[in-house]
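The values are calculated or read from the model by the stated rules, or taken from the named source; none is laboratory data. Treat the numbers as computed from the prediction; the structure is a model and nothing was measured. Cβ sites come from the backbone with ideal geometry, for glycine too, and all protein chains shown count toward neighbours.
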Amino acid sequence: MQRYFVAAEQFGDSEIRIIGEDAHHAVRVMRTKPGDKFIVSDGQSRTALVTVLEASPMVIKAQIVERLSADSEPSWDITIAQSLPKSDKMELVIQKGTEIGAYAFVPFQSERMVVQYDAKKEAKRIDRWNKIAKEAAEQAHRNRIPSIEPVQSWQELIQSFGSYDLVLFCYEREGHAAHGRGVRLAIREWLENSAAVSTPNVLLIVGSEGGFTDREAAEAEAAGAVLVGLGRRILRTETAGIVGLTCLLYESGEMGGA
């Protein structure tokens with residue numbers, strides 16, 4: 001069933017309104033007409049099954065038929081911090097990460113970035129990334145749209161570590177047999193040694209195509225991050241975050257792992 005997100009003020013006690021591009025898409029593309037049903041969420045706490053009363057490309061008015069439980073969100077809030085990759089790889093990270101269950105995305109700059117950072121260009125790209133996250137959240141029947149933060153510097157990212165319960169730094173050296181620990185062991189050690197948290201807030205840090213420098217790894221570890229590997233193979237930058245996110249959700253019990 002089709003799903004749409006609306007602003008809180010468009011979600012009333014008995015009726016909802018869909019406006020703008022969503023209304024145009026529903027009427028012109030999905031051929032929505034009075035009597036049709038779909039699901040609407042305010043992206044926070046309210047989700048409902050509605051029946052269309054009036055439909056035009058400018059606005060759709062619908063009546064709430066049934067309030068639905070907002071139970072499609074993971075029990076862990078996992079943010080993917082992704083060093084800016086080249087081309088449209090960030091779009092893939094956001095789309096698939098949203099489908100799987102990411103809570104938020106933080107694009108950042110690292111030493112070995114392949115792309116040339118352009119603040120004006122990235123600002124425009126964030127608008128597109130937000131649209132991709134919204135569409136992916138609708139497709140996956142999520143109850144909220146992941147937030148996408150402005151691009152941060154390396155130092156800004158490090159300074160944010162204190163706002164998370166756990167920070168995992170994906171470092172390829174940790175994936176080899178002779179080094180460190182894998183993400184599974186790191187999570188289980190943290191669960192064993194930490195006070196119970198109802199909704200753990202986790203930051204997963206992924207490098208660009210060039211990976212991280214030893215200096216960045218040392219700085220991250222000194223700031224409280226746990227260096228982890230994602231296996232013995234070298235993953236593409238657009239794959240690493242998706243794999244790490246899936247591992248985390250499995251260990252949280254989201255996929256029957258607990």
- Query: Hey, any hits in region 100-110 for a residue that's in the same structural domain as residue 184 (by TED's automatic domain parsing) and surrounded by fewer than 17 Cβ atoms within 10 Å (Cβ to Cβ)?
  - Reply: no
- Item | So residue 215, is it at pLDDT below 85 and among the charged types (D, E, K, R) | no
- Query: From the list 208, 153, which residue is farther than 30 Å from residue 11 by Cβ, touching a strand residue (DSSP E or B) at 6+ places or on another chain (Cβ under 9 Å) and surrounded by 15 or more Cβ atoms within 10 Å (Cβ to Cβ)?
  - Reply: 208
- Query: Does any residue in region 216-239 that is touching a residue at least 40 places away in the same chain (Cβ under 8 Å) and within 14 Å of residue 181 (Cα to Cα) come within less than 7 Å, Cβ to Cβ, of a residue that is surrounded by fewer than 13 Cβ atoms within 10 Å (Cβ to Cβ) and small (Gly, Ala, Ser) six or more places away or on a different chain, and which pairs are these?
  - Reply: 232/177
- Which of the residues that make up region 158-176 are modelled with pLDDT of 90 or more and exposed (fewer than 15 other Cβ atoms within 10 Å of the Cβ)? 159, 162, 163
- Message: When you check residue 22 against the structure, is it of a type in the set (D, E, K, R), assigned to a loop (DSSP other than H, G, I, E, B) and either over 30 Å from residue 172 (Cα atoms) or not assigned by TED's automatic domain parsing to the domain that holds residue 242 (or both), yes or no?
- Response: no
- Message: When you check residue 78 against the structure, is it in contact (Cβ under 8 Å) with a residue 12 or more places away in the chain and closer than 21 Å to residue 207 by Cα, yes or no?
- Response: yes
- Could you identify the single residue in 124, 134 that is surrounded by 13 or more Cβ atoms within 10 Å (Cβ to Cβ), at negative phi and not in a loop (DSSP other than H, G, I, E, B)? 134
- Task: For residues that are among the basic types (Lys, Arg) and closer than 24 Å to residue 91 by Cβ, scanning just region 226-258, find the one that is modelled with the highest pLDDT.
- Result: 236
- Keeping to region 25-67, report how many residues are assigned to a strand (DSSP E or B) and of a type in the set (Lys, Arg). 3
- Message: When the residues of region 75-122 are narrowed to those that are in contact with a helix residue (DSSP H, G or I) (Cβ under 8 Å, 6 or more places away or on another chain) and among the β-branched types (Val, Ile, Thr), which ends up nearest to residue 153 (Cα to Cα)?
- Response: 106
- Determine whether residue 45 is touching a helix residue (DSSP H, G or I) at 6+ places or on another chain (Cβ under 8 Å) and either more than 17 Å from residue 136 (Cα to Cα) or free of Cβ contacts under 8 Å to residues at least 40 places away in the same chain (or both). no
- Query: Any residue in region 177-200 that is in a helix (DSSP H, G or I), closer than 22 Å to residue 215 by Cα and at pLDDT below 95?
  - Reply: yes
- Of everything in region 59-85 that's among the hydroxyl-bearing types (Ser, Thr, Tyr) and over 30 Å from residue 118 (Cβ atoms), which residue is surrounded by the fewest Cβ atoms within 10 Å (Cβ to Cβ)? 69
